[in-house]
Amino acid sequence: MSNHDVARAWVEVDLPALRRNYQTIERTVGPGVAIIVMAKADGYGLGAARVVRALEPLAPWGYGVATTEEGIALRQAGVRRPILVCEPLPPASVAAAADAGLTACISHLSQLERWAGAAAQRPGGLDFHIEIDTGMGRCGLDWRKTSEWGPVVRGHSGKELRWTGVFTHFHSADTVDDSGSLTQWARFGDALGQLPVSREELLVHAANSAAALRFGASRADAVRPGIFLYGGDPIPDIAQEAAPRVEPAVALRSRIILVREVPPGTTVGYGATYTAQGWERWATLGIGYGDGVPRSLSNRGVALVRGRRVPMVGRISMDLVVVNLTGITDAEVGDIATLIGRDGAEEITLEEMAARAGTINHEILTGLTPRLPRVVLGVGGSGGDGGQ
Ligand SMILES: *Cc1c(COP(=O)(O)O)cnc(C)c1O
C-alpha cells in the first residue's frame, strides 16, 4: 500500500522528470560546463536525499546547500562530491562543516580565518570558494575591492586551505530587462581579471536556473540550477518560444473528506468571507496552510476535481480548504482534488498557483511541509528512491 492510499493529502515527486530536467540543463549549457545541483531546503521540498540518489548517476560536479546541517545530510546520504555551503557559515557551525568536508563559501576575510583554523586541524585540508558581491548585496566580497582582498585571500590559501572556486549571483535573471544581469556580469568579469590567481585554477560559476536558460553558463565553468530541476519555470514572466521547457516534477493532491449541499446565505471559514449565493455544493479538502497551501489563496485559489476546475471559497484554514463544486454532481467523498498538477485534460501549474498566491514557485515548493507524505514516482531501476 502506498502513502496515497491512506493519506488525506500528499506530494507526488516524479524522479524521472527531475532527471530529464537535469539533462535539459546539460543540453542547454552545452558540453564542458559543470553542474552544481542546488539541493538546499530539503531539495526544494522534494527530499534532498532522494534528489541526490536520483541525480548521482548523472554525475553532477557537486551540490549546493544553504546550511551546514543540509550539507551533513547529503554526506549521510552518501555524497562524496563537493558540497558548497553557499551561505556564510555561522562561526558555531564551522567545526561541523569542516568535519563533514564541506566547501565553505567565503564572504568575509574573518570567515576565511576561521576556515583556515579548521583546515589546519583537518587531515587532507579543506576547500573554499569566494563569493563576489556584484549587486545582490546579501553576501560576498565587494567586487570594487578585489585588488584589496584578492592578495589577502591568495596569501591564506595553500595546500591545506585550497581556493578552488569563485562565484557571483544574479539578482534579476528572471526579468525581461537583462541590463541588471549584464552589469553584474561585467563587474564579475572585472573582478576576475584582478584576481591574483590564474582563472584556470578556479571553478568560476554564476548562473541560477533563470540565467542558465537565458544566457547559458555566461562564459563561466559551471551553473547552479535549482528550481528548473524541480519542475519550476524559472522565467514565467518571459515569453519563451525558443527556451527549453521544464517538465513538472511535483504534484500536490488531497482528498475530498466531506461534501455538502448548502442553502443560500451559508458562510464558510474564518471571518466568514464567502457566502453561498444560492444552493451550492461544497467539498471540504483535507489540506491547509499547515501543509503549505498559502493562506493568500483564500477566495483566489483553484483545484481540479474530476478533471474540472473548482474555486476555493472562504479562507484557507490550517488543515482544511473548501471548494465550490456547484455544477459537478458526480464528485464524492474520497475523490482526489489536485492543487498542483494534471487531472484529465486540465492542469494547474506550479506557476499558476504561485501567481494566484502572489509569490514565486520557489516559495510554494519549499513551503510544502513535512506533514505531507512524499509519494515517489519512478521508483525502481537505476537511481531509484529508497523510500520515504
Ligand atoms: C538557490 C540558489 C541558486 C538556484 O536558484 P534557482 O532560481 O532555484 O535556480 C543558485 N545559486 C545560489 C547562490 C542560490 O542560493
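The values are calculated or read from the model by the stated rules, or taken from the named source; none is laboratory data. What you see is a predicted model, and the numbers here were worked out from it, not measured in a lab. Neighbour counts run over all protein chains shown; Cβ positions are idealised from the backbone, glycine included. Just the protein is used for accessible areas: all its heavy atoms, side chains included, with ligands, DNA and RNA removed. Shrake-Rupley method; radii C 1.70, N 1.55, O 1.52, S 1.80 Å.
Of note:
- Subset of the stretch 277-287 that is more than 21 Å from residue 44 (Cβ to Cβ) and in a loop (DSSP other than H, G, I, E, B) - its residue that is least open to solvent (accessible area, probe 1.4 Å): 286
- Top-ranked residue of the stretch 149-181 - restricted to ones that are among the small types (Gly, Ala, Ser) and closer than 30 Å to residue 210 by Cβ, ranked as farthest from the ligand (Cβ to nearest atom): 150
- Test result for residue 146, in contact (Cβ under 8 Å) with a residue 40 or more places away in the chain, open to solvent by less than 40 Å² (accessible area, probe 1.4 Å) and more than 16 Å from the ligand (Cβ to nearest atom): yes
- Entirely in the stretch 1-109, the strands (runs of 3 or more DSSP E) that have 3 or more residues that are out of contact with any Phe, Trp or Tyr (no Cβ under 8 Å at 6 or more places or on another chain): 9-14, 62-65
- Yes/no for residue 309 being surrounded by fewer than 20 Cβ atoms within 10 Å (Cβ to Cβ), assigned to a strand (DSSP E or B) and at pLDDT 95 or above: yes
- Counted residues, the stretch 199-245 - those being within 11 Å of the ligand (Cβ to nearest atom), touching a Gly at 6+ places or on another chain (Cβ under 7 Å) and open to solvent by 10 Å² or more (accessible area, probe 1.4 Å): 2
- Of all residues in the stretch 117-143 being over 21 Å from residue 191 (Cβ atoms) and either surrounded by 18 or more Cβ atoms within 10 Å (Cβ to Cβ) or among the β-branched types (Val, Ile, Thr) (or both), the one that is nearest to the chain's Cα centre (by Cα): 126
- In the stretch 76-92, the residues that are more than 16 Å from the ligand (Cβ to nearest atom) and open to solvent by 40 Å² or more (accessible area, probe 1.4 Å): 76, 78, 80, 81, 90, 91, 92
- Qualifying residue in the stretch 182-197 (condition: open to solvent by 10 Å² or more (accessible area, probe 1.4 Å), over 27 Å from residue 242 (Cβ atoms) and within 15 Å of the ligand (Cβ to nearest atom)): no
- Subset of the stretch 328-343 [part of a loop (DSSP other than H, G, I, E, B) and without any contact (Cβ under 8 Å) to a residue 40 or more places away in the chain]: 330
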